[in-house]
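The values are calculated or read from the model by the stated rules, or taken from the named source; none is laboratory data. Computed from a predicted model, the values in this text were never measured in an experiment. No Cβ is skipped: glycine too gets one built from the backbone with ideal geometry, and neighbour counts run over all protein chains shown. Surface accessibility is based on the protein's heavy atoms, side chains included, excluding ligands, DNA and RNA. Shrake-Rupley method; radii C 1.70, N 1.55, O 1.52, S 1.80 Å.
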Amino acid sequence: MSNETVKAVVEAYLKQKDPGYALLIDAPWGAGKTHFIRQFIDEEHRDPLYVTLYDVHSVETFDWALVRAAKPWTESKTGQWATRAKEFASGIKVLGFGVDLNKMNLTEFVLTNLPNTLIFDDIERCGLSHKQLSGLINRFVEHQKKRVILLANSEKHADKDSFDKGREKLIGQTVTLKADLDAALIGVWAKVPDGQGKTVLQTHQHLIKETFDEAGHQNLRLILRAVRDCTVMLDALTKEMLGFEEAVDRLIRTHLALHMAYHGGELGKEELETPNPGWGHVIAKHTGAEPPPKSKHELRFEALTKKHPAAELDTYQNSVFPKALRKQLLVGGYAKPNFIRARLMKTNHFTPSAQRPDWVRLWSWDEESVDDLKELLKRIEGSIQSHKLVEPGEILQVYAALNWYGKYSESITHKENTRRFYDHINALIEKDLIRKRSPHGRDRNQYGFSWEAGRISFDGYTFDPDHRAKLLAKKLRGVMDAAYERELPRMGGELVYDLQHDPGKFQGFFEYQTSGLNFSEAPILQACDVQAFATALLDWHEKDKGIAQHIAKTVGKRSAGIRQELALEHPWIDKLKTELITQAAAKHPLLAAQVRLFIARHMTPD
């Protein structure tokens, strides 16, 4: 049934003086039922009473819903009724009639002076049983000869069986309303601020309609909210980025599909934040490896991906809408324009192919011309031979991408590729060209690549490692760990020097938000000379107790039992406390007493 037909049915119903039945307008949530009926009534200058039954759970609250719908307090001209109750009670107007509440019960008056047309919305959200609600509404239909229109989403009715079985006792006709996206978009464009985002989406309305139809929920609220937020995202793009039309199309589809799924409850926060949720396991398919079992969130993503085949919902392979940006825009609700641009540019979907890193282009080797691919493979081979391919994450990406290429090429085998990269890594070790890991707590910060949920990721590209790739990744991490361990004494010595001469700089290394070298989640104090550290801290205790207290609290918090990632430091901290007391006692017993109190107050974990 078309919406024009629905309108004709409603029109015919409203012309009846005593229809003897209620008319049900059925549609999914967000399809525009309320907007449709209100607009329709307004166009005909009718004056019905619109009543929402949301959270109505008793006869009393049902009657009061009718009183609320009459809105008597908004028609009072006597000011704030809470402070001028007497004037309000005697001067109120209800349904166009003057009422003196000192002489009449408001609920009784409303129920005896209802208009001839009543509209009851949110039938499925009413807390009354269908049988009880039907009895309450039927008195208006059968006994008061009124026209009653019911608005409901019958599929979501809490008492659906009773509703379906008993609807013929009250409902004489049912019409199904479809979401009118064209009409809804007209209203949105009038509200969205002018800008390039609005212009782009207006020229891509076919993508909006296709994505909405694919979703299948018919909820206009979800798509309209997604459209409004999408304009904000597109406003952040540069003119050059908008020139990548194919990427912009995929970005719009992906944003709209994920936005509706998240805000509609189809996907949760944890699924958007889980590393590379999705389906397909592209590399596993190409290499013949056995893919890991699908988790619950992967199955939900798989179902969503089947709905939206042209979108890039899965971050398994460098989606045009990267995971970090999804988290900020969909979960957080906002991202700064420069953050949006930076994250999108990092995907390489908005840069010319010639400007993309070679390892990124290698993943798309099938899209390169033969001549360009020959040059690309030659450059990559040269970077291996000259030992310039040194970034661990990039090494693993080139290795995996070449395996994929080798699946369809006779020039390289998986075994040969593994041997070459094993030799390449050994050569880098011999020349000391593999950097040490960072002290940051997470893999992607420590090693430059992450190895989470069984997958290896670097700069947005992810693959499922087979046993050979795992061995290479473990070897790289082991080399980086060893290099880090060799650097610990030097870093510990520099920390003690900073404590002695620049305590602010020292403190910065232990604050979580500090960029660069950061030990907020990594043990390092065990690499410091405990005697020199105690001497420096005692000096500050005598020169500036505020600085000493600040340092002591920082150290003390790291000894908390829950900070197991810092367990290597805990014995050292105990030694520091002993050393502080020993050095203080050597100076004077009174100083030792002060230091014991200082330790108790400031070096005990919260």
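Of the residues making up region 380-394, at least one is within 19 Å of Pro465 (Cα to Cα), touching a residue at least 12 places away in the same chain (Cβ under 8 Å) and not charged (D, E, K, R). As a summary of the residue check, Trp359 satisfies the conditions (1) over 27 Å from Gly406 (Cα atoms); (2) touching a residue at least 12 places away in the same chain (Cβ under 8 Å) except for the one numbered (1). Across region 176-192, a minimum of one residue is classified as hydrophobic (A, V, I, L, M, F, W, C), part of a helix (DSSP H, G or I) and modelled with pLDDT under 80.
For region 1-20, the set of residues classified as open to solvent by 50 Å² or more (accessible area, probe 1.4 Å) and either within 12 Å of Phe36 (Cα to Cα) or among the hydroxyl-bearing types (Ser, Thr, Tyr) (or both) consists of Ser2, Glu4, Thr5, Lys7, listed by residue number.
Applying the condition of being in contact with a Pro (Cβ under 9 Å, 6 or more places away or on another chain) and of a type in the set (Phe, Trp, Tyr) to region 457-493 and asking which residue is surrounded by the most Cβ atoms within 10 Å (Cβ to Cβ) yields Phe458. Only a single item in (1) modelled with pLDDT of 90 or more; (2) open to solvent by 10 Å² or more (accessible area, probe 1.4 Å); (3) under 27 Å from Ile395 (Cα atoms) is not met by Gly454, and it is number (1).
When you check Asp358 against the structure, is it of a type in the set (Asp, Glu) and at positive phi, yes or no? Taking the combined requirement at face value, the residue does not satisfy it.
Each row is one residue, and each column tells you yes or no for (1) under 13 Å from Val479 (Cβ atoms); (2) open to solvent by less than 80 Å² (accessible area, probe 1.4 Å); (3) modelled with pLDDT of 90 or more; (4) in contact with a helix residue (DSSP H, G or I) (Cβ under 7 Å, 6 or more places away or on another chain).
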site: Ser411; (1), (2), (3), (4): no, no, no, no
site: Asn426; (1), (2), (3), (4): yes, yes, yes, no
site: Lys431; (1), (2), (3), (4): yes, no, yes, no
site: Ser438; (1), (2), (3), (4): no, yes, no, yes
site: Asn445; (1), (2), (3), (4): no, yes, no, no
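Let me confirm something: among Lys327, Lys378, Lys374, which residue is under 37 Å from the mean Cα position of the chain (by Cα) and of a type in the set (D, E, K, R)?
The match here is Lys327.
Within region 230-262, the set of residues being in a helix (DSSP H, G or I) and surrounded by fewer than 18 Cβ atoms within 10 Å (Cβ to Cβ) comprises Asp235, Lys239, Glu240, Leu242, Glu245, Glu246, Asp249.
On inspection, Arg167 passes the criterion of being touching a residue at least 40 places away in the same chain (Cβ under 8 Å) and in a helix (DSSP H, G or I). Annotation for region 349-366: at least one member residue is open to solvent by less than 50 Å² (accessible area, probe 1.4 Å) and among the β-branched types (Val, Ile, Thr). Beta carbons closer than 9 Å, at least 6 apart along the sequence or on distinct chains, pair a first residue in region 342-353 that is touching a residue at least 40 places away in the same chain (Cβ under 8 Å) with a second that is of a type in the set (A, V, I, L, M, F, W, C) and open to solvent by 50 Å² or more (accessible area, probe 1.4 Å) for His349/Phe244; Phe350/Phe244.
Name the residues in region 527-553 that are in contact (Cβ under 8 Å) with a residue 24 or more places away in the chain, farther than 16 Å from Gly492 by Cα and not basic (Lys, Arg), would you?
Of everything in region 527-553, those that are in contact (Cβ under 8 Å) with a residue 24 or more places away in the chain, farther than 16 Å from Gly492 by Cα and not basic (Lys, Arg) turn out to be Leu538, Asp539, Trp540, His541, Ile547, Ala548, Gln549, His550, Ala552.
Annotation: Ala483 fulfils all but one of (1) over 18 Å from Val390 (Cβ atoms); (2) over 33 Å from the mean Cα position of the chain (by Cα); the unmet one is (1).
Per-residue answers, yes or no, for (1) in a strand (DSSP E or B); (2) touching a Phe, Trp or Tyr at 6+ places or on another chain (Cβ under 9 Å); (3) at pLDDT below 75; (4) on the phi > 0 side of the Ramachandran plot:
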| position | (1), (2), (3), (4) |
| --- | --- |
| Lys103 | no, no, yes, no |
| Thr107 | no, yes, yes, no |
| Leu128 | no, yes, no, no |
| Leu136 | no, yes, no, no |
| Arg139 | no, no, no, no |
| Lys145 | no, no, no, yes |
| Ile149 | yes, yes, no, no |
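Within region 176-200, residues that are within 20 Å of Met241 (Cβ to Cβ) reach no partner that is hydrophobic (A, V, I, L, M, F, W, C) and loosely packed, with under 12 Cβ neighbours inside 10 Å with beta carbons closer than 6 Å at six or more positions or on different chains.
Among the residues making up region 152-175, those that are within 19 Å of Ile223 (Cβ to Cβ) and open to solvent by 50 Å² or more (accessible area, probe 1.4 Å) are Glu155, Lys156. Hey, could you check region 494-526 for residues that are of a type outside the set (Asp, Glu), in contact (Cβ under 8 Å) with a residue 40 or more places away in the chain and assigned to a loop (DSSP other than H, G, I, E, B) and say which is surrounded by the fewest Cβ atoms within 10 Å (Cβ to Cβ)? Looking at the filtered set, the residue picked out is Leu517.
Among the candidates Asp182, Asp213, the residue that is more than 23 Å from the chain's Cα centre (by Cα) and charged (D, E, K, R) is uniquely Asp182. Count of region 370-393 residues, restricted to those that are in a loop (DSSP other than H, G, I, E, B) and open to solvent by 100 Å² or more (accessible area, probe 1.4 Å), is 1.
For region 305-332, taking the residues that are among the aliphatic types (A, V, I, L, M) and crowded, with 17+ Cβ neighbours inside 10 Å, the one that is modelled with the lowest pLDDT is identified as Leu313.
Could you look through region 25-40, keep only residues that are in a loop (DSSP other than H, G, I, E, B) and open to solvent by 40 Å² or more (accessible area, probe 1.4 Å), and pick out the one that is modelled with the lowest pLDDT?
Residues of region 25-40 that are in a loop (DSSP other than H, G, I, E, B), as a first pass: 27-32.
In the following step, the residues that additionally are open to solvent by 40 Å² or more (accessible area, probe 1.4 Å) were identified as 28-29.
Values: Pro28: 77, Trp29: 74.
Within region 25-40, the match that is modelled with the lowest pLDDT is Trp29.
Any residue in region 461-468 that is without any contact (Cβ under 8 Å) to a residue 60 or more places away in the chain, in contact with a strand residue (DSSP E or B) (Cβ under 6 Å, 6 or more places away or on another chain) and part of a loop (DSSP other than H, G, I, E, B)? Working first, answer last.
Filtering region 461-468 for residues without any contact (Cβ under 8 Å) to a residue 60 or more places away in the chain gives 467-468.
If we keep only those that are in contact with a strand residue (DSSP E or B) (Cβ under 6 Å, 6 or more places away or on another chain) as well, we get none.
No, region 461-468 has no match at all.
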